[in-house]
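Each remark here refers to the structure printed beneath this line.
The values are calculated or read from the model by the stated rules, or taken from the named source; none is laboratory data. Everything quoted here is computed from the prediction, not taken from an experiment. Counting neighbours? That spans all protein chains shown, and the Cβs are built from the backbone with ideal geometry, glycine included. Surface accessibility is based on the protein's heavy atoms, side chains included, excluding ligands, DNA and RNA. Shrake-Rupley method; radii C 1.70, N 1.55, O 1.52, S 1.80 Å.
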Amino acid sequence: MVTCFLPAIILIFCFRYSDGLFFHIAETERKCFIEEIPDETTVLVNYKVELYDPRTNGFMPSQPGIGMHVEVKDPDEKVIMSRVYSAEGRLSFTSHIPGEHILCLYSNTTKWIGGSQLRVHFDIQVGDQAIDYAQVAQKEKLTELQLRIRQLLDQVDQITKEQNYQRYREERFRATSENTNQRVFWWSLSQLIILVSMGFWQMRHLKSFFEAKKLV
């Protein structure tokens, strides 16, 4: 069963960790993205900002001074990165705990011209997808075979991290389920105790009433 599902898992893994998109953002707008990232994993973000041109009804390269403020939070809501970048560039960070990381972008509003709309091209690469192997080969003087082995080792390491993360999610889900089951059990038990107590009290009350009326 594991052998049958392994190719599908690898395929999903490859698609998941390379996401490219673009979006429009207004002057006061804030865009946030959620990425589920294993621990000790490098994340690389490439972006490019374009400015709306009303004359051509299209988008052109942004003018100097227009940039983006980028903020990254870990699953504990702790800010691990917050700074202003230029209109085009890349940033990277490394996750230290597994879970949902929130990446938010908003405009450098002090540099806007006439409140024009921006288009932001956005690409997130996680794990081995974030490694520039051409630069690694040049820096470490690796042959083509050595570089390919290095890529395979990095992919295996990332798959291992992903499996550990899925195991971590499963443990959290199990803990949540057990906690929920315990709460349901104690709530049901409390209801049962209350119902039995009320029934016992009603029976004693009726018995006292019948005795007072000398019906029994």
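Points worth noting:
- Amide H within-cut-off set for residue 22, under 5 Å, with H built and near neighbours excluded: 122
- Model label points for residue 121 and residue 142, set 7 angstrom from Cα along the Cα-to-Cβ axis, are 2.7 nm apart.
- Vicinal HN-Hα couplings computed from phi for the range 177-193 (Karplus, 6.51 cos²θ - 1.76 cosθ + 1.60; Hz; Gly/Pro x): 5, 5, 5, 5, 4, 5, 5, 4, 4, 5, 5, 5, 5, 5, 4, 4, 4
- All aspartates and glutamates inside 19 Å of residue 78 as judged from Cα atoms, apart from same-chain residues fewer than 8 positions distant: 35, 36, 39, 40, 100
- When the residues 30, 204 are ordered by accessible surface, computed with a 1.4 Å probe over the protein chains alone, the sequence from largest down reads 204, 30.
- Each other residue within a Cβ distance under 9 Å of residue 137 adds +1 if Lys or Arg and -1 if Asp or Glu, for a net charge of +1.
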